[in-house]
């Protein structure tokens with residue numbers, strides 16, 4: 001009888017040791033920091049001022065606006081190193097639903113865009129990695145395909161995709177959503193793998209993404225003028241008055 005009790009205790013201790021070991025491994029994997037994660041540090045500025053990075057507002061936003069107004073083919077080149085330095089100057093950290101996000105990073109690689117950032121949940125820090133493989137099909141439709149989601153070193157892609165689709169569908173069911181809004185189309189592509197027409201309105205002009213290339217450290221996107229999508233208002237035109245001779 002005594003030997004049986006000792007045997008049970010020994011087995012219990014073995015299983016407890018295994019459970020503790022597995023839990024420790026999972027925790028280490030969750031808090032793992034990927035070697036490629038190296039976010040840019042924000043530049044110290046006047047705390048009463050609003051930092052404005054010239055790359056984000058002059059080299060990208062202003063150039064895109066000016067080129068779109070000319071209504072002729074143009075090319076935009078985005079360098080991830082310069083983009084990360086600009087992003088670092090924005091307001092961080094940001095909080096939503098009890099989760100704090102800080103130190104984001106964007107990486108360009110052949111055929112892939114990687115987004116990384118630190119999340120704080122209940123005082124614990126985790127590095128979240130999301131990989132996208134954007135594609136343009138033969139009809140010119142863009143799909144922002146989510147290929148991988150990791151927390152630390154743990155791949156949570158199937159769970160993340162399932163939750164994203166459910167949240168997207170619940171959002172559609174719970175509120176009136178403009179399905180023609182570009183932001184809605186992007187969300188549908190990200191969360192439900194629905195391709196969309198990559199046409200953008202820039203003030204009173206329309207442009208279309210025609211092609212893009214992704215290589216290490218650089219995104220090259222090519223645009224051309226486009227006609228307004230069906231149903232979109234055409235600026236500068238008013239209906240002809242009726243009932244007049």
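Each value in this text was obtained by applying a stated rule to the coordinates, not by laboratory testing. Please read all numbers here as calculations on a predicted model, not as lab measurements. Virtual Cβ from ideal backbone geometry, glycine too; neighbours counted across all protein chains shown.
According to the square roots a ≥ b ≥ c of the eigenvalues of the Cα gyration tensor, what is the shape class of the stretch 69-142, taking rounded for a/c under 1.5, prolate for a/b larger than b/c otherwise, and oblate for the remainder?
prolate
Evaluate E = 1/(1 + (r/R0)^6) for residue 90 and residue 20, where r is the Cβ-Cβ distance and R0 equals 45 Å; express this FRET efficiency to the nearest 0.05.
Plugging the Cβ-Cβ distance into 1/(1 + (r/R0)^6) gives 0.60.
Give me the one-decimal Kirkwood hydrodynamic radius in Å for the chain, with the sum taken over alpha-carbon pairs.
With all distinct Cα pairs of the chain included, I get 22.0 Å.
Compute the distance in nm between two label points, each set 7 Å from the Cα along the Cα-to-Cβ direction, one at residue 29 and one at residue 75.
4.4 nm
Given springs between every Cα pair under 10 Å in a Gaussian network model of the chain, which of 107, 219, 28 has the largest fluctuation?
The residue with the greatest mean-square fluctuation here is 28.
Report, to the nearest 10°, how far helix 2-30 tilts away from the longest principal axis of the Cα atoms in the chain, using its own Cα long axis and a range of 0 to 90°.
Roughly 20 degrees, rounded to the nearest 10.
Counting only helical runs of four or more DSSP H residues, what would the 222 nm mean residue ellipticity of the chain come to if each run contributes -39,500 (n - 2.57) and the total is spread over all its residues?
That comes out to -10000 deg cm²/dmol.
May I ask you to derive the relative contact order of the chain, considering only C-alpha pairs under 8 Å and at least 6 residues apart, and to give it as an integer percent?
19 percent
Could you check which residue among 94, 139, 36 shows the biggest mean-square fluctuation in a GNM of the chain with a 10 Å Cα cutoff?
139
Using a Förster distance of 30 angstrom, determine the FRET efficiency expected from the C-beta separation of residue 13 and residue 148, and round it to 0.05.
0.20
Taking the number of other C-beta atoms within 10 Å as the exposure measure, put 183, 230, 222 in order starting with the fewest.
Lowest to highest Cβ neighbour count: 230, 183, 222.
Helix 157-174: angle to the longest alpha-carbon principal axis of the chain, degrees 0 to 90, nearest 10?
50 degrees
Hey, what angle do you get for helix 182-192 against the long axis of the chain, alpha-carbon based, 0 to 90 degrees rounded to 10?
30 degrees
Using a 7 Å offset from the Cα along the Cα-to-Cβ direction at both residue 63 and residue 162, what is the distance between the two label points in nm, to one decimal?
Computed distance between label sites residue 63 and residue 162 equals 4.4 nm.
Using a Gaussian network model on the chain with a 10 Å cutoff between Cα atoms, which of 15, 206, 92 fluctuates the most?
Evaluated over the chain, the most mobile residue of the options is 15.
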